[in-house]
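Please read the structure below before turning to the comments.
The values are calculated or read from the model by the stated rules, or taken from the named source; none is laboratory data. Computed from a predicted structure; not experimentally measured. For neighbour counting, all protein chains shown are included, and Cβ atoms are generated from backbone atoms with ideal geometry for every residue, glycine included. Ligands, DNA and RNA are excluded from the accessible area calculation, which covers all protein heavy atoms including side chains. Shrake-Rupley method; radii C 1.70, N 1.55, O 1.52, S 1.80 Å.
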Amino acid sequence: MATHLLTGAGSGIGAALAERLAERGDELWLLARDAGRASQLRGRFPGAQTLVGDLADPARLSWAFGHQSMPARLDSLLHVAGVVELGAVAETPVATWQHQLNVNTVAPAELTRLLLPALRIARGHVVFVNSGAGLRVNPEWGSYAASKFAVRAVADALRDEERANGIRVTTVYPGRTATPMQEKVHQQEGADYDAAKWIHPASVATTILAALDLPRDADLTELTVRPGA
């Protein structure tokens with residue numbers, strides 16, 4: 001039985017991934033932003049453990065975890081949570097930049113730092129669910145894409161730094177996926193939302209599981225997933 005810690009298990013890709021891992025009997029640790037959210041996650045995923053820590057405030061994650069039980073070993077750390085706010089550079093305030101950088105980049109880096117001892121014990125796997133916006137940027141997507149370009153740098157550096165410790169690092173770049181975040185994006189774009197046009201979250205979860213389950217003679221470092229025809 002493998003042990004996994006996930007962020008973003010409350011909806012979308014994170015929920016689909018948590019469901020698949022729970023179905024096969026793996027041990028789940030789910031990060032929640034507060035105690036109320038933690039209770040909801042335990043109700044949805046019976047048997048799961050929860051950790052409380054706010055990704056929007058990465059400077060306090062170490063303090064928060066110091067007051068909670070932590071997994072002794074981790075087979076994988078799955079960074080799925082994220083936030084998005086669209087807007088032109090000329091109209092995007094500092095608070096919007098900072099919030100997205102905190103949640104999408106700084107918090108995953110800090111969470112990884114704090115959990116590296118447990119990952120090293122298991123020769124574990126770190127997965128960053130990035131975005132197509134982490135590879136290319138369109139108008140109005142500057143602040144979000146900046147946070148995703150930055151987390152790609154974190155993943156690439158970590159991969160080489162921890163190779164000697166047996167830790168694998170995979171970045172997944174999904175295209176538009178039928179999640180609550182995508183619905184919000186459509187609202188910001190002023191476009192009609194049709195979930196059937198986009199990738200199902202379970203399909204991205206399948207991709208992540210393929211990376212996790214790959215025998216150790218090979219390593220999937222980057223995966224791009226696009227909507228099908």
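Quick look at the values:
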| item | result |
| --- | --- |
| Which listed residue is out of contact with any helix residue (DSSP H, G or I) (no Cβ under 8 Å at 6 or more places or on another chain) and among the aliphatic types (A, V, I, L, M), from A164, A150 | A164 |
| Scan of region 123-141 for residues that are open to solvent by 20 Å² or more (accessible area, probe 1.4 Å) and out of contact with any strand residue (DSSP E or B) (no Cβ under 7 Å at 6 or more places or on another chain), ordered by number | R123, R136, V137, N138, P139, E140, W141 |
| Any hit, region 52-62, residues being more than 25 Å from H200 (Cα to Cα), more than 18 Å from the chain's Cα centre (by Cα) and at pLDDT below 95 | no |
| Test: residue in region 7-14 that is of a type in the set (S, T, Y), open to solvent by less than 10 Å² (accessible area, probe 1.4 Å) and outside any helix (DSSP H, G or I) | yes |
| Those residues of region 150-200 which are among the charged types (D, E, K, R), farther than 21 Å from P215 by Cα and outside any helix (DSSP H, G or I), in sequence order | R176, D192, D194 |
| Subset of region 60-114 (residues that are part of a helix (DSSP H, G or I), open to solvent by 40 Å² or more (accessible area, probe 1.4 Å) and free of Cβ contacts under 8 Å to residues at least 40 places away in the same chain) | R60, W63, A90, E91, V94, A95, Q98, R113 |
| Meets criteria (in contact (Cβ under 8 Å) with a residue 60 or more places away in the chain and within 19 Å of V80 (Cα to Cα)) for A202 | yes |
| All positions within region 39-59 that are more than 28 Å from D213 (Cβ to Cβ) and open to solvent by less than 30 Å² (accessible area, probe 1.4 Å) | P58 |
| Top-ranked residue in region 15-38 [being closer than 21 Å to V151 by Cβ and out of contact with any helix residue (DSSP H, G or I) (no Cβ under 9 Å at 6 or more places or on another chain); ranked as surrounded by the most Cβ atoms within 10 Å (Cβ to Cβ)] | W29 |
| Test: residue in region 206-228 that is of a type in the set (K, R), loosely packed, with under 14 Cβ neighbours inside 10 Å, within 19 Å of the chain's Cα centre (by Cα) and not in a strand (DSSP E or B) | yes |
| Leading residue by the ranking (surrounded by the fewest Cβ atoms within 10 Å (Cβ to Cβ)) among those in region 147-198 that are modelled with pLDDT of 90 or more, small (G, A, S) and over 16 Å from the mean Cα position of the chain (by Cα) | A164 |
